[in-house]
1. Under 8 Å by Cβ, and 6 or more places apart or on different chains, what pairs join a residue from segment 33-60 that is assigned to a helix (DSSP H, G or I) and among the hydroxyl-bearing types (Ser, Thr, Tyr) with one that is at pLDDT 75 or above and loosely packed, with under 14 Cβ neighbours inside 10 Å?
2. If I go through segment 115-143 residue by residue, how many of them are among the hydroxyl-bearing types (Ser, Thr, Tyr) and buried (at least 16 other Cβ atoms within 10 Å of the Cβ)?
3. Is at least one residue of segment 113-121 among the polar types (S, T, N, Q), outside any loop (DSSP other than H, G, I, E, B) and over 19 Å from the mean Cα position of the chain (by Cα)?
4. If we scan segment 126-134, do we find a residue that is farther than 13 Å from MET57 by Cα and in a helix (DSSP H, G or I)?
5. Could you list, in sequence order, all residues of segment 140-152 that are modelled with pLDDT of 90 or more and in a strand (DSSP E or B)?
Amino acid sequence: MTASVRRLRTGTRPAAAVAQLRLALDGIDGLPDDLATRVGTLIERHERSESGWSFIMVEPNLYHGVVVRLFDTSRRPKLAVKLWSLLFSKLPPDSNDVQASRDDLARELGCKPNDISEVMGELEELGAVYRRKEGRGVRYLVHPKFGTHLAGAARDKAQAEAPELRLVTT
């Protein structure tokens, strides 16, 4: 009777694979810092999402200031506060670009696209959001000093590249 030795292979656990990826990333020489930061951020977000949480750092005083100002000055205060809070759920893990169209936001909030444009204009006046032209369209970004998924150097870079913050006073 001949005996053979078989190597037991266990399935790779996702957490272990992510940890290996993080170690591999640290070991790559010559990787541009901004790319390493973005990939590290994505790994971090993946680890958090495994637990079912989406993490956003919010500066509570600034966030509250926007809510108060919208409530006091918006032509549509209820819609404005709903939109402001919804924008944070539309941020990808690696930037502060709102990942929803005006029509998508309007559908989700049960209003007209023009209402979204009006409220986004109010948020822009407060400095809570800003826009970038993309071809014939516009992309809105939540100002990263109000809240962001980004951490560390990526957050610092986004805050430095954002327009000067117009402080909200209540």
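The values are calculated or read from the model by the stated rules, or taken from the named source; none is laboratory data. Computed from a prediction, not measured in an experiment: that's the story for all the values here. Every residue, glycine as well, gets a Cβ built from its backbone with ideal geometry; the counts of neighbours run over all protein chains shown.
1. Going by the 8 Å Cβ cut-off, the qualifying pairs are THR37/GLY152.
2. 2
3. yes
4. Restricting attention to segment 126-134, the residues satisfying the condition of being farther than 13 Å from MET57 by Cα are 126-134.
Filter once more, so that each one left must be in a helix (DSSP H, G or I): 126.
Yes, some residue in segment 126-134 is farther than 13 Å from MET57 by Cα and in a helix (DSSP H, G or I).
5. Scanning segment 140-152 gives TYR140, LEU141, VAL142.
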